[in-house]
Amino acid sequence: TVAFIVFIERAIRKILINYPKRQMGTKIYGGESSHLPLKINTAGVIPAIFASALLLLPMTFSNFGFSESETFIDISSLFSQGKPLYMLLYASGIIFFSFFYTSIVFNPKETAENLRKHGGYVPGIRPGERTAYYIEDILTKLTTIGALYLTLVCLMPEFLIANYPIPFYLGGTSILIVVVVAIDTVTQIQTRLMSSQY
């Protein structure tokens, strides 16, 4: 599971960006190609945290004694971990928040406009609105894969606990947080070492 999380978190989709040559005086600038990296899991761990926090609200209210009715207790018991309704709502919440958070964090129209201002273009795609649609299409596909990955990692421990007598002490969200923080720490250390060597 840890290897799978590391593989997906490090995976990126590169979109080729070309910059035209410009002549200023006797010197020629530009003419190089670069790439726009898009992570498969753009939203990170946030969707899993939001979904689990929303599902814990009924249990929290019942523990504080806001409602003593039998109906509320029966409804809150349906939201306990390992129940089919809990897993279904958890998966739906992760998928919804993956798309919602990605749409907040990354704006394809702004990215396409910045590329157009700096003279960059995607080969075969017209600059401006067509580039925004192209980036948005790729981002939607990547977010779908990322949402399914998050759902799989977060629901696997729930499924194991509900169906098998396996002592599983870490939840999917906990494993995700630990691995992502470890990856970020290693990346920051490598960046510091590279900058000091440079």
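The values are calculated or read from the model by the stated rules, or taken from the named source; none is laboratory data. Since the model is a prediction, treat every value here as computed from it, not as a measurement. For neighbour counting, all protein chains shown are included, and Cβ atoms are generated from backbone atoms with ideal geometry for every residue, glycine included. Just so you know, the surface numbers come from the protein's heavy atoms only, side chains and all, with ligands and any DNA or RNA stripped out. Shrake-Rupley method; radii C 1.70, N 1.55, O 1.52, S 1.80 Å.
Points worth noting:
- Every condition in (1) open to solvent by 60 Å² or more (accessible area, probe 1.4 Å); (2) modelled with pLDDT of 90 or more holds for Val153 except the one numbered (1).
- Listed by first and then second residue, the pairs linking a residue in the stretch 148-177 that is without any contact (Cβ under 8 Å) to a residue 12 or more places away in the chain and within 17 Å of Ala91 (Cβ to Cβ) to a residue that is aliphatic (A, V, I, L, M) and open to solvent by 20 Å² or more (accessible area, probe 1.4 Å), with Cβ atoms under 7 Å apart and 6 or more places separating them unless they lie on different chains, are Leu160/Ile166.
- Residue check, Leu142 in a helix (DSSP H, G or I) and open to solvent by less than 80 Å² (accessible area, probe 1.4 Å): yes
- Counting only helices (runs of 4 or more DSSP H) that sit completely within the stretch 53-120, those holding 3 or more residues that are open to solvent by 60 Å² or more (accessible area, probe 1.4 Å) and at pLDDT 70 or above correspond to 84-105, 108-117.
- Glu136, sole failed condition from (1) over 27 Å from Ser92 (Cβ atoms); (2) open to solvent by 30 Å² or more (accessible area, probe 1.4 Å); (3) touching a residue at least 12 places away in the same chain (Cβ under 8 Å); (4) assigned to a helix (DSSP H, G or I): (1)
- Test result for Gly119, over 24 Å from the mean Cα position of the chain (by Cα) and not aromatic (Phe, Trp, Tyr): yes
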